[in-house]
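Before anything else, here's the structure in question.
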Amino acid sequence: MAPQDAANARGQFSSRFGFITAATGSAVGLGNIWGFPTQTASHGGGAFVLVYLILAFLLAYPALMAELIIGRHTRHNMVAALPQLCNRPTLQVFGRATGLYGVLTACLILGFYAIVAGWLMAQIPAAIADISGQAVAKQWFSQSSLARDGLFCALFSALTAAIVARGVKDGIERWSTRLMPALIVLMLGLAATVLTLPGAMEGLRLYLIPDFTLITNPGLLGSAMGQAFFSLSLGVGTMLIYGSYVSNSDNLPLTGAYVALVDTGIAFLAGLLIIPAMFVAQQRGIRIYKADDTLIAGPDLILQTLPDLFNSLGVVGSIIGLVFFVLLTIAALTSSISMLEVPVSFALEQFKLSRRRATCWVAATIFTFSLLILFNFDALFGAVVKISTQYSQPLLGVLLCLFAGWALHRNQLLREISAGFPAAEQSLFWKIWPGYIRFVCPLLIIAMFVQNLSG
């Protein structure tokens, strides 16, 4: 079967816009709207923003292109795609093991991601109960408990599975083209509102003016690299899978650049919303600094500090809070459908299951893992986050760069890129990217990864 015929049999995005919204939706999630601002708050504000923006294009964009090219060239899931690039049996075994590691990492990420998304999703009925004056209901929805967290984790997991079960065009593409514009409009409106409130300018200064003495800090560099990979959904095969659904007529370097630019822009916009909002909260007497004089970040920021701010603004604040948590849920959903597609595509191609059955089995298995984390939260949650995002994603990113740079012959690379970009051989991209993905990108990722471990 020819690659294009295989693509049609597996499903394919119907347009470049459909792919860009789906891939950007995969990239734009809690990694941008929750993770990026909280990492920024934890690592000196503007210094982190500057390093993140640099690394997004020095490391994340080249790695993104590696995944897209492998995906479109092979038209397979991650486990089947990597061995297809190799001639030697030992390398084929290694490629399959790498693909399985990627699928496992995607499952680990979705395991904790569904829990966090459930926390945020629960704040929507909490805000509605607050607006309607239902104090008891508001308290139940807004306070963490095993029953509430399990219920909303299940609801979020079921919603994700329902979209993925409908396939590439009717599920992933259709919902991405609806959800992404809604997310951007909501975020712009919220950011514009927050920036008019007293205290916002102090947060804006922290966010936009870097302290250059912090830039060489190993913790900042490692966190910025992990954030760049996590927010672009790299290292776990999501972009490889989406690349396998891209038409041969699409210009991959340009399309990948659009995805990276929109993702980085939305992460930056999220910081413009959340960091000033923290200082608006401080202006209203809400604590935003911890005992060690560092800004509050992580779950405490999204689930305590900002809800306290919304509560202090009265009915208007409740409405802003409702919109804010709808925004976060949309962002979480656009990413979760791409992560679930990684193991689902493996299951339906490896075991010849129908898409609906593969989706149900995989989603149920990951939800069971989420429940295991919830029942052993203190022991498992932080460890799963660290193993999957700080360690596994960068290492898998290195391996995917090496597969794209060394396993794919230079002529094969050029043919794949030229399919939708006839002038590729004369382009600046072709003059830089093949050597960059072979040597520079893997070495930079490894160096920063080792520095992060030692730091």
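What follows draws every value from the coordinates through simple rules; no lab data is involved. If you're wondering where the values come from, they're calculated on a predicted model, not measured in any experiment. When we count neighbours, we look across all protein chains shown, and the Cβ atoms used for this are built from the backbone with ideal geometry, even at glycine.
Can you list the aspartates and glutamates whose alpha carbon is less than 13 Å from that of Lys138, not counting same-chain residues fewer than 8 positions off?
Of all the aspartates and glutamates, those that pass the test against Lys138 - Cα under 13 Å, at least 8 places apart if same chain - are Asp130.
Suppose the chain between Val185 and Ser145 were pulled fully straight at 0.36 nm per residue; how much longer would it get relative to their current alpha carbon spacing?
11.2 nm
Still on this model: Taking the Cα-to-Cβ direction at Thr368 and at Val136 and moving 7 Å from each Cα, how far apart do the two end points lie in nm?
It is 3.7 nm.
Please say if the stretch 48-198 is rounded, prolate or oblate, where rounded means a/c under 1.5 for a ≥ b ≥ c the square roots of the C-alpha gyration tensor eigenvalues, and otherwise the choice is prolate for a/b larger than b/c and oblate otherwise?
Prolate, because a/c is 1.5 or more and a/b exceeds b/c.
For Thr193 and Gln304, what is the calculated FRET efficiency with R₀ set at 22 Å and r taken between the beta-carbons, to the nearest 0.05?
The computed FRET efficiency comes out at 0.60.
Can you give the extra length, in nm with one decimal, that the chain gains between Lys431 and Gln350 once fully stretched, where that is 0.36 nm per residue apart less the Cα-Cα distance?
25.4 nm
Hey, another quick one. Report the gain in length on full extension from Thr216 to Met201: 0.36 nm times residue separation, minus Cα-Cα distance, nm rounded to one decimal.
Contour length minus Cα-Cα distance gives 2.7 nm.
For the peptides 325-332, 358-365, what is the packing order when you average, over each peptide's residues, the other Cβ atoms within 10 Å and list the highest mean first?
Averaged packing, sorted descending, gives the order 325-332, 358-365.
For the stretch 34-85, what class follows from the C-alpha gyration tensor (a ≥ b ≥ c being the square roots of its eigenvalues): rounded when a/c is under 1.5, otherwise prolate if a/b is larger than b/c, else oblate?
Taking the square roots of the gyration eigenvalues as a ≥ b ≥ c, the stretch 34-85 is prolate.
Over what distance in Å are the Cα centres of the stretch 318-341 and the stretch 74-96 separated?
When both Cα centres are located, 35 Å separates them.
What's the Kirkwood radius of the stretch 3-454 in Å, using all Cα pairs?
22.1
Under 30 Å from the Cα of Lys352, which lysines turn up, not counting those fewer than eight places away in the same chain?
Lys169
I've got another one for you. Show that you can apply the helix-only estimate: for the chain, add -39,500 (n - 2.57) for every DSSP H stretch of four or more residues, divide by all residues, and state [θ] at 222 nm to the nearest 500.
-23500 deg cm²/dmol
Given points 7 Å out from each Cα along the Cα-Cβ axis, report the Asn248 to Ile209 separation in nanometres with one decimal.
Between Asn248 and Ile209, the simple spin-label model gives 5.6 nm.
Along the Cα→Cβ direction, 7 angstrom out, place labels at Ala291 and Asn376. What is the inter-label distance in nm?
Taking the simple label geometry, Ala291 and Asn376 are separated by 2.9 nm.
Let a ≥ b ≥ c be the square roots of the eigenvalues of the Cα gyration tensor of the stretch 54-120; is it rounded (a/c under 1.5), or, if not, prolate (a/b larger than b/c) or oblate?
It comes out oblate by the Cα gyration axes.
Take the alpha-carbon centre of the stretch 211-266, take the same for the stretch 99-172, and report the distance between them in whole Å.
24
Straight-line reach from Lys290: which lysines fall under 25 Å, measuring Cα to Cα and dropping same-chain residues less than 8 apart?
Lys386
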